[in-house]
Amino acid sequence: MTAQRILICLHDFSRGGTERIALGLAASWAQAGRDVTILCGSIEGGLRGTVDTRVKVEELNPPVHRGFLSRLRLGRAMGKRVAALHPDIIFLPGNFHLLLANALRKAGPVIAAKISNPPLPKAIPFAATLFRHFTRAVDGFAAMNSGLARELKVLLPGRNIVTLHDPVYVRPGAAQPKRAGSRNIVWIGRLEPQKDPQLALKIIQALGAAYLTMLGDGALRQEVQRQVDAKGLKDRVRLTGYVPETESYLAAADALLITSHYEGGPAVAVEALALGVPVVSTDCSFLLHDLLKLPQAGQIVASRNPDDLAAALAAVCGQPRAPDALQALAAPFDPERCARAYLDWFDRLAAHHG
């Protein structure tokens with residue numbers, strides 16, 4: 001059975017990785033001839049204008065905006081709307097949207113969910129029980145990497161769990177001007193506690209002759225700027241805010257730095273490798289262990305000590321570049337290949353539940 005009508009549920013069009021990847025997949029699925037609709041709580045967030053013209057967008061009326069308990073309200077409102085859209089399958093594009101699943105089950109279609117981050121926040125009591133409760137309506141789970149898949153299989157024995165990569169979109173172009181006489185390091189992400197941008201400042205301070213460009217925006221923007229000023233790093237750290245494309249910055253970099261506490265699968269690491277740029281990261285994602293298989297690809301540092309991460313950056317920046325080998329590591333994340341794998345999985349789920 002073909003899952004011809006695909007419904008993607010989004011809270012809104014925020015400029016996050018979850019939303020960006022979902023919109024990219026939607027375009028590929030529409031290109032493949034599927035009928036793709038995005039049902040959203042609100043069209044706000046900045047990415048609405050990037051939706052492929054072949055993809056339909058349905059906004060709830062009245063809209064449901066992000067806020068306290070908004071996902072519970074969103075699930076109830078979407079549950080009432082889904083039946084009229086007649087989807088063959090509903091796709092929840094990341095952990096953030098898992099709370100919608102049980103409310104959507106009442107509409108009847110198959111529900112497929114992507115697991116984009118570790119499922120169990122260790123600080124929450126009874127996290128495993130809560131996770132099983134909120135995902136009991138999900139028919140299949142797509143883990144972004146093999147480590148997440150292993151965790152899910154232990155947590156949810158007997159459930160349909162596959163490993164599917166997120167597509168990574170790279171548009172090579174002219175590189176940004178390099179700063180001569182120093183290592184050029186790029187950091188990309190939301191300025192939020194999960195990403196720990198303050199650690200990046202400590203690392204660049206420990207590294208010495210290095211220049212850091214930080215791409216992204218978020219709640220910690222003012223605090224990060226305050227620390228840049230307080231640490232005397234104004235000449236060595238540039239905060240760009242949100243940028244529509246990162247490729248030109250990566251192309252000019254000697255290394256990509258990732259300082260997150262946890263990640264499902266940092267697409268920026270794949271983007272860097274696709275452009276021949278090595279990666280130095282905290283041990284924040286199973287995907288990095290799948291990805292950084294060659295010494296030239298970079299290092300994963302178990303410690304969050306700034307000196308240890310600075311030493312890793314110095315070593316990685318000092319080794320010969322191997323762009324062809326790094327690009328080969330990024331090949332499994334080709335957008336067309338990833339989108340096709342998702343469609344094949346949707347069709348299997350639809351056939352099983354048809």
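Among VAL277, VAL55, sorting on how many other beta-carbon atoms sit within 10 Å of each Cβ, with the fewest leading, yields VAL55, VAL277. Counting other Cβ atoms within 10 Å as a rough exposure proxy, the listed residues LYS195, LYS106 run LYS106, LYS195 from fewest neighbours to most. In order along the stretch 8-14, the Karplus-derived 3J(HN,Hα) couplings, from 6.51 cos²θ - 1.76 cosθ + 1.60 at θ = phi - 60°, round to 9, 9, 10, 5, 6, 10, 4 Hz, and Gly and Pro are given as x.
Which entries in the list LYS114/LYS178; LYS234/LYS293; LYS80/LYS114; LYS114/LYS231; LYS114/LYS234; LYS195/LYS234 go over 32 Å, if you measure between the two C-alpha atoms of each? The partial results should precede the final answer.
Values: LYS114/LYS178 38 Å; LYS234/LYS293 35 Å; LYS80/LYS114 23 Å; LYS114/LYS231 40 Å; LYS114/LYS234 40 Å; LYS195/LYS234 21 Å.
Table pairs above 32 Å Cα-Cα are LYS114/LYS178; LYS234/LYS293; LYS114/LYS231; LYS114/LYS234.
Estimated from the Cβ-Cβ distance and a Förster radius of 22 angstrom, the FRET efficiency linking LEU130 and HIS65 is about 0.35.
Just add up the charged neighbours of GLN4: K/R +1, D/E -1, any other residue whose Cβ is under 12 Å from the Cβ of GLN4.
Details: positive: ARG5, ARG34; negative: ASP35, ASP88, ASP347.
Local net charge: -1.
Evaluate 2.2 N^0.38 Å with N set to the residue count of the stretch 238-354, then give the Cα radius of gyration divided by it. It would help to have the intermediate numbers written out before the result.
On the way: Rg = 16.5 Å, N = 117, 2.2 N^0.38 = 13.4 Å.
In units of the 2.2 N^0.38 Å rule of thumb, it is 1.23.
Among ASP196, ASP307, ASP290, sorting on how many other beta-carbon atoms sit within 10 Å of each Cβ, with the fewest leading, yields ASP307, ASP290, ASP196. Centre-to-centre separation between the Cα atoms of the stretch 127-172 and those of the stretch 236-279: 25 Å. Only the Cβ atoms of Lys and Arg (+1) and of Asp and Glu (-1) were treated as charged; on that basis the dipole of the chain about its Cα centre amounts to roughly 780 debye. The angle between the Cα long axis of helix 197-207 and the main principal axis of the chain comes to about 20°, on a 0 to 90 degree scale. Taking a Cβ cut-off of under 13 Å around GLY318, the surrounding Lys, Arg, Asp and Glu residues balance to a net charge of +1, with basic ones at +1 and acidic ones at -1.
Between amide H atoms placed 1.01 Å from N, distances below 5 Å from VAL237 occur with LEU212, all of them 5 or more places distant or on a separate chain.
Taken over the alpha carbons of the chain as equal point scatterers, the Debye sum produces base-10 log I(q)/I(0) values at 0.14 Å⁻¹ of -1.17.
Let me make sure I get this right: for the stretch 287-334, a, b and c are the square roots of the gyration tensor eigenvalues over alpha carbons, sorted descending. Under 1.5 in a/c it's rounded, otherwise prolate if a/b > b/c, else oblate. Which is it? The partial results should precede the final answer.
On the way: a/c = 3.56, a/b = 1.56, b/c = 2.28.
Oblate, because a/c is 1.5 or more while a/b does not exceed b/c.
Taking other residues whose beta carbon is less than 15 angstrom from the beta carbon of LEU156, and scoring Lys, Arg as +1 and Asp, Glu as -1, yields +4.
FYI, it's all coordinate maths here, none of it is from the lab. Predicted model, so just to flag it, every value in this text is computed and none were measured. Cβ: placed from backbone, ideal geometry, glycine included. Neighbour counts: every protein chain shown.
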